1. Keeping to segment 88-109, report how many residues are in a helix (DSSP H, G or I) and either open to solvent by less than 70 Å² (accessible area, probe 1.4 Å) or over 20 Å from Met54 (Cβ atoms) (or both).
2. Could you please tell me which pairs satisfy a Cβ distance under 6 Å, a separation of 6+ or placement on different chains, a first residue in segment 9-31 that is in contact (Cβ under 8 Å) with a residue 40 or more places away in the chain and of a type in the set (Lys, Arg), and a second residue that is in a helix (DSSP H, G or I) and surrounded by 13 or more Cβ atoms within 10 Å (Cβ to Cβ)?
3. Being open to solvent by 60 Å² or more (accessible area, probe 1.4 Å) and closer than 24 Å to Pro105 by Cβ is the requirement here; does Thr10 meet it?
4. Checking the conditions here, which among Ala198, Ala189, Ala143, Ala165 is under 46 Å from the mean Cα position of the chain (by Cα), without any contact (Cβ under 8 Å) to a residue 40 or more places away in the chain and exposed (fewer than 12 other Cβ atoms within 10 Å of the Cβ)?
5. Go through (1) open to solvent by 50 Å² or more (accessible area, probe 1.4 Å); (2) touching a Lys or Arg at 6+ places or on another chain (Cβ under 6 Å) one by one and return the number of the condition Ala74 breaks.
6. Looking at Pro46 and the list (1) outside any helix (DSSP H, G or I); (2) touching a residue at least 40 places away in the same chain (Cβ under 8 Å); (3) surrounded by fewer than 18 Cβ atoms within 10 Å (Cβ to Cβ), which single condition is not satisfied?
7. Does segment 26-43 hold any residues that are open to solvent by 60 Å² or more (accessible area, probe 1.4 Å) and either closer than 17 Å to Gly97 by Cβ or not in a strand (DSSP E or B) (or both), and which are they?
Amino acid sequence: PIRILLVDDTPTNLAVLSESIQDQGWTTLFATDGETAIEQAEYAQPDLILLDVMMPGIDGFETCRRLKQSSVTAAIPIIFMTALSDSTDKVKGLKLGAVDYITKPFQQEEVVTRVGLQLSLYHVTKQLEENNKLLNQKVAEQAKTEAALQTLTQDLEQRVEERTAELTAVLEELKQAQVHLVQSEKMSALGGLIAGVAH
């Protein structure tokens, strides 16, 4: 199931967002401050985080910065939801690694649509990473297979060369034996001829 972490210090905002998200069949997790949000994100590994900027303790910007620095939570998409509508705040949020920035008051349909879009992008990205990992494994396996085949080919070539050398030596021995045998037969025939003439 798709899990979305809602981080806001206003219970009303959490209730409204939760209702909209649960209507889509998505599961909601809650945090009311930045520290809790970081702990929740590390533990639950949500698919997306809707993060308020103005909260007690560490603000949303600092929370985002810490989430993006952690290898455990860096890939989780973050959408800021805040009343801060100044473009410098939006730019700051996006530079910290947020994928979107929604200003309050928000329209529920807009939030659901943006969340759906980011979830689709997140899952496509994850699928591409998985496919890339599998492809890299297959390439590595193929490289190992090719290396093994190369080793076998070299071994076979070496054996063929050794066997060819052995057969060449045996052939040379056979030629020498044949020459020796022919000479022996000539000598034997010559001996018989001489014995016949002497008789």
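1. Start the filter on segment 88-109 by keeping residues that are in a helix (DSSP H, G or I), which leaves 88-95, 108-109.
Keeping just the survivors that are either open to solvent by less than 70 Å² (accessible area, probe 1.4 Å) or over 20 Å from Met54 (Cβ atoms) (or both) gives 89, 93, 108-109.
Within segment 88-109, residues that are in a helix (DSSP H, G or I) and either open to solvent by less than 70 Å² (accessible area, probe 1.4 Å) or over 20 Å from Met54 (Cβ atoms) (or both) number 4.
2. none
3. On the way: open to solvent by 60 Å² or more (accessible area, probe 1.4 Å): no; closer than 24 Å to Pro105 by Cβ: yes.
It is false that Thr10 is open to solvent by 60 Å² or more (accessible area, probe 1.4 Å) and closer than 24 Å to Pro105 by Cβ.
4. Values: Ala198 fails: under 46 Å from the mean Cα position of the chain (by Cα); Ala189 fails: under 46 Å from the mean Cα position of the chain (by Cα); Ala165 fails: under 46 Å from the mean Cα position of the chain (by Cα).
It is Ala143.
5. Tallying (1) open to solvent by 50 Å² or more (accessible area, probe 1.4 Å); (2) touching a Lys or Arg at 6+ places or on another chain (Cβ under 6 Å), Ala74 fails exactly one: (1).
6. Every condition holds for Pro46 apart from (3).
7. To start, the set of residues in segment 26-43 that are open to solvent by 60 Å² or more (accessible area, probe 1.4 Å) comprises 30, 32, 35, 39, 42-43.
The answer is Thr32, Glu35, Glu39, Glu42, Tyr43.
The values are calculated or read from the model by the stated rules, or taken from the named source; none is laboratory data. These numbers come from a predicted model, not from an experiment. Every residue, glycine as well, gets a Cβ built from its backbone with ideal geometry; the counts of neighbours run over all protein chains shown. The area values use the complete protein model at the heavy-atom level, side chains included, leaving out ligands, DNA and RNA. Shrake-Rupley method; radii C 1.70, N 1.55, O 1.52, S 1.80 Å.
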